[in-house]
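Quick note: the coordinates plus some simple rules give every number you see, no bench work behind them. All values derive from a computational prediction rather than experimental measurement. Neighbour counts are summed over all protein chains in view; Cβ atoms, including those assigned to glycine, are modelled from backbone coordinates with ideal geometry.
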Amino acid sequence: MLQRLAALVGVAALTVACAQTDAGITTNVKSKMAADDTVKAHEINVDTKNGVVTLTGDVDSPIAKERAVQIARTTDGVREVVDHLTVTEAAPTGGLYDRDGVDRGTGNIGDNAEGRNEPITGDPGITSAVKAKLLADSMVSGLRIDVDTENGIVTLTGNVKSKAEADRAVMIARKTDGVTRVVNNLKVAG
């Protein structure tokens, strides 16, 4: 009984320790932002170094900017938040559809040039989808892999145990909807 309890405490401590790494903090902030209705549709880049989170990108309102900073500040392990977010004017309402067929003003799905109806994902959505798949895969240590997306290009950074694990992570990222290319910056650290 005591051995089981000690094992559970050890796993919990390891999980907390992994979440406190810069890559873990970045992942947690990105996941929270992707799940938040106020900021999930925005192109916000999150970088962490020594517990200091830097937010860059464009948001369409002061409320979205404030919420993004608040999410970062309240994430475990964050010591400081550097806010480089820019507030841009909101898109006009009605009639302007992006390439995925979503009305940029209302968020409603319409027919795009190819006649498809698709939800908008954007870079934050791609990042969240890749990270979720990495975390769900038993062959990949998803907590040690940082995922960044810019214009559909996913960059994987971190340490993995083997080349096979790195190859699997790259394959998972490549098979994720919206990914146009994968940059593999993973290091094998046996």
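Of note:
- Amide H contacts under 5 Å for Ser61: Thr88, restricted to partners 5 or more places along the chain or on a different chain, H placed in the peptide plane at 1.01 Å from N.
- Cross-link pairs exceeding 22 Å in C-alpha to C-alpha distance, out of Lys131/Lys161; Lys49/Lys163; Lys30/Lys133, comprise Lys49/Lys163.
- Backbone geometry of the range 148-158 corresponds, through the Karplus equation with coefficients 6.51, -1.76 and 1.60 at θ = phi - 60°, to 3J(HN,Hα) couplings of 10, 10, 9, 6, x, 8, 9, 10, 9, 10, x Hz, x marking Gly and Pro.
- The residues neighbouring Val160, those whose beta-carbon lies less than 10 Å from its own, together hold a net charge of +3 under the Lys/Arg +1, Asp/Glu -1 convention.
- Whole-Hz ³J(HN,Hα) from phi, Karplus 6.51 cos²θ - 1.76 cosθ + 1.60, for the range 62-79, glycine and proline x: x, 5, 5, 5, 4, 5, 4, 5, 4, 4, 4, 4, 8, 7, 4, x, 7, 8
- Under-5 Å amide H pairs with Val183, H placed in peptide plane, nonlocal only: Val154, Thr155, Leu156
- For the range 49-57, the Karplus equation 6.51 cos²θ - 1.76 cosθ + 1.60, evaluated at θ = phi - 60°, returns couplings of 9, 6, x, 9, 9, 10, 9, 10, x Hz by residue, with Gly and Pro reported as x.
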